Structure formats: C-alpha cells, structure tokens
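J.: One structure follows; several queries about it will come next.
The values are calculated or read from the model by the stated rules, or taken from the named source; none is laboratory data. None of these values were measured; they are calculated from a predicted model. Using ideal geometry, Cβ is built from the backbone for each residue, glycine included, and neighbour counts are taken over all protein chains shown.
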Amino acid sequence: MASVNAGPTEAQAEAGAMAALGRNWWLLLFFGVISIIVGIFCVMQPVEAIETLAWLFAVWLIVTGIFEVIRSFSSGLGGGMRALLIITGALSLILGFVALRSFWDDDVVLAGWILAIFIGISFLFRGFSVLFMGIEGKGQPGRGWNIFAGIVIIIGGMIILTAPASIIALAWVVGIWLIVMGIFEIISSFMVRKAVSA
C-alpha cells in the first residue's frame with residue numbers, strides 16, 4: 001500500500017516543479033540575452049567597459065539575487081535546493097549593494113580589483129547553484145546543460161580569483177564568461193519551454 005501511495009506524490013512533486021519552471025522560462029531567456037549583450041560590450045570595448053561593468057555587475061547581482069530568492073519559493077524543490085537558492089540569492093544581493101558603494105571611488109585600478117573579487121566569488125556561488133540544480137533535477141529538462149554550465153562557471157570564477165590580470169584582461173574574461181553563461185541560459189529556457197508545452 002505504501003508503494004502505491006508514493007507514486008502519485010512523486011508525480012505531483014515533479015509536475016509542480018515543471019509548472020514552476022514553465023512559468024519562469026522567459027526569465028531565463030531574459031537573463032541570457034542580457035548576459036550576452038553585456039559580455040559582447042566587455043569584449044568589444046574593454047577599457048570603456050570596466051567602469052560601466054562595475055555598475056552593471058552590481059545591478060546584475062541585485063536582480064539575479066532577487067530572482068534566486070523568488071525561485072526558492074517555487075513548488076517541487078527539495079529542502080537543500082531551496083536553502084541553496086536562498087543563500088546564493090541573499091549573498092548576491094549583499095554583494096550587489098556593497099559593490100554599488102565600493103565602485104563610487106574614481107580609482108579605476110582599485111575598482112577593477114574589487115570587481116574581480118566580486119565577480120570571482122559571484123561566479124563560484126552561481127556555478128555551484130547551477131551545478132547542484134542540475135545534479136538534483138533528475139528527469140528535468142536541461143539537466144545536462146545545467147551541470148556543464150555550472151562546471152564552466154565555477155572554472156571561470158576560479159580563474160578570475162587566482163590569475164592576476166590587467167583591467168583589459170579582466171573585462172575580456174568577464175565578457176567571455178558572460179557570453180557563455182548567456183548562451184546556456186537561452187538554451188535552457190527553450191528546452192524548459194519545449195518540455196512544458198509538450
């Protein structure tokens with residue numbers, strides 16, 4: 001009798017998770033497009049981009065932090081995934097608000113190094129969040145992409161934190177990783193939409 005009752009409960013949880021993903025697929029697409037636009041700007045105009053990037057990145061941290069916290073209340077998530085989304089969302093919000101204050105200084109070099117630390121840490125948290133979401137999301141659409149994207153983002157965060165770089169090189173690294181992240185988010189959004197509408 002217990003095994004008979006377990007089936008519908010798991011099916012309901014999976015249906016709830018799919019419904020939550022289906023409602024939010026356009027947010028993944030939106031953040032993917034924004035990430036690609038900012039990434040291309042960093043690669044094409046690295047010198048001019050560094051100060052603008054500082055502000056855009058702070059805003060990006062705040063917006064994605066809010067998005068992560070909202071996603072943590074979606075139905076069908078496990079306790080560990082819910083806690084991870086709340087933690088990463090709260091940390092992104094804190095880092096975003098601190099970044100807005102830190103980059104008020106006119107010292108571009110100092111701002112660049114602070115930006116590198118914030119970006120590296122943020123990429124690590126974001127990468128682990130995406131990776132664990134992929135590992136935990138058995139049977140969910142885009143699971144493999146999430147695992148791969150999480151690993152790529154973690155590697156990018158480690159490179160930014162450990163490899164000394166000039167301001168221009170920093171803008172290039174950040175731009176490339178934002179483009180990669182954006183591509184994965186856009187692919188995931190369409191995979192989620194297709195799976196839900198099927």
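J.: Name every residue in region 121-136 that is buried (at least 20 other Cβ atoms within 10 Å of the Cβ) and over 16 Å from Ser35 (Cα atoms), in order of residue number. It would help to see each step written out before you state the result.
T.: From region 121-136, those buried (at least 20 other Cβ atoms within 10 Å of the Cβ) are 122-123, 125-127, 129-130, 133-134; that's our starting set.
If the condition is that a residue be buried (at least 20 other Cβ atoms within 10 Å of the Cβ) and over 16 Å from Ser35 (Cα atoms), then Phe125, Ser129, Met133, Gly134 are the ones that fit.
J.: How do the pairs read when you match residues in region 35-50 that are modelled with pLDDT under 85 with residues anywhere that are surrounded by fewer than 21 Cβ atoms within 10 Å (Cβ to Cβ) and among the aromatic types (Phe, Trp, Tyr), using Cβ under 6 Å and keeping only pairs 6 or more apart or on different chains?
T.: Between residues of region 35-50 that are modelled with pLDDT under 85 and residues that are surrounded by fewer than 21 Cβ atoms within 10 Å (Cβ to Cβ) and among the aromatic types (Phe, Trp, Tyr), the close pairs are Pro46/Trp172; Ala49/Phe41.
J.: Go through region 47-72 residue by residue and tally those that are surrounded by fewer than 20 Cβ atoms within 10 Å (Cβ to Cβ) and assigned to a helix (DSSP H, G or I).
T.: Let us first name the residues in region 47-72 that are surrounded by fewer than 20 Cβ atoms within 10 Å (Cβ to Cβ), namely 47-48, 51-52, 55-56, 59, 62-63, 66-67, 69-70, 72.
If we keep only those that are assigned to a helix (DSSP H, G or I) too, we end up with 47-48, 51-52, 55-56, 59, 62-63, 66-67, 69-70.
Looking only at that region, the number is 13.
J.: Quick one: is Trp145 at pLDDT below 70 and of a type in the set (Phe, Trp, Tyr)? Walk me through it before giving the result.
T.: Values: at pLDDT below 70: no; of a type in the set (Phe, Trp, Tyr): yes.
So Trp145 fails the test.
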